[in-house]
1. Would you pick out the residues in the stretch 81-121 that are loosely packed, with under 14 Cβ neighbours inside 10 Å and within 16 Å of the ligand (Cβ to nearest atom)?
2. Has the stretch 98-106 got any residue that is in a loop (DSSP other than H, G, I, E, B), over 13 Å from the mean Cα position of the chain (by Cα) and free of Cβ contacts under 8 Å to residues at least 24 places away in the same chain?
3. Please work out if residue 16 is more than 16 Å from the chain's Cα centre (by Cα) and not polar (S, T, N, Q).
4. Condition first: over 17 Å from the mean Cα position of the chain (by Cα) and either farther than 18 Å from residue 94 by Cβ or loosely packed, with under 13 Cβ neighbours inside 10 Å (or both). Now tell me which residues in the stretch 40-63 satisfy that.
5. I'm told residue 57 meets every condition in (1) within 16 Å of the ligand (Cβ to nearest atom); (2) farther than 30 Å from residue 2 by Cβ; (3) among the hydrophobic types (A, V, I, L, M, F, W, C); (4) touching a residue at least 40 places away in the same chain (Cβ under 8 Å) except one. Can you identify the failing condition by its number?
6. Regarding residue 75, is this residue within 12 Å of the ligand (Cβ to nearest atom), of a type outside the set (D, E, K, R) and closer than 17 Å to residue 20 by Cα?
7. Looking at the stretch 1-11, which of its residues are closer than 18 Å to residue 88 by Cα and either aromatic (Phe, Trp, Tyr) or part of a strand (DSSP E or B) (or both)?
8. Of all residues in the stretch 1-54, count the ones that are without any contact (Cβ under 8 Å) to a residue 60 or more places away in the chain, among the small types (Gly, Ala, Ser) and under 20 Å from residue 123 (Cβ atoms).
Amino acid sequence: MVRTVEAAETLMGRLRRGDDLLEELTALAKGHGVRLGRVAALGAVEHARIGYYDQAAREYRFVELDRELEILALVGNVSLRDGEPMIHAHITLGDDQGRAFGGHLAPGTRVFACEFTMDVFRGEDLVRSHDEPTGLPLWPETGGPG
Ligand code: ZN
């Protein structure tokens, strides 16, 4: 499955201190009718909750980092799950010693300051559905040369 999408517009803005990072980005996508897109952000958090997918157990394990951290990078995409825009994002966080932590961005990550960019794409909907080999909600698989 390879799609060609067209860049439509880009939203840029800042989140508020105390916002739930993933929930606010999701609300933003829903509020602007974004069905397909790309997200990037940087800034800092007061508390982080990141996931790691245990492939054998087929479930996420979550790590809580209850301290201030820089958002070194957040990269994500927007597609549809159960008919609603869903953001899948991974985040890299840095501490006061220059060490990095990272994982799958989960609800419960609290913003200190955050500047985001959301590229909105036009194209056929990308819909997530259960993928049996991985246990994850994924996009359709690539078939043949397409
Ligand atoms: Zn992930």
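The numbers here are math on the coordinates, done by the rules we state, and not lab data. Keep in mind the model is a prediction, meaning the values are calculated, not measured. With ideal geometry, Cβ positions are generated from the backbone for all residues, glycine too; neighbour counts draw on all protein chains shown.
1. 107
2. Yes, the stretch 98-106 contains at least one residue that is in a loop (DSSP other than H, G, I, E, B), over 13 Å from the mean Cα position of the chain (by Cα) and free of Cβ contacts under 8 Å to residues at least 24 places away in the same chain.
3. yes
4. 54, 55, 56, 57, 58, 59
5. (4)
6. yes
7. Within the stretch 1-11, 10, 11 qualify.
8. Total satisfying the criteria: 1.
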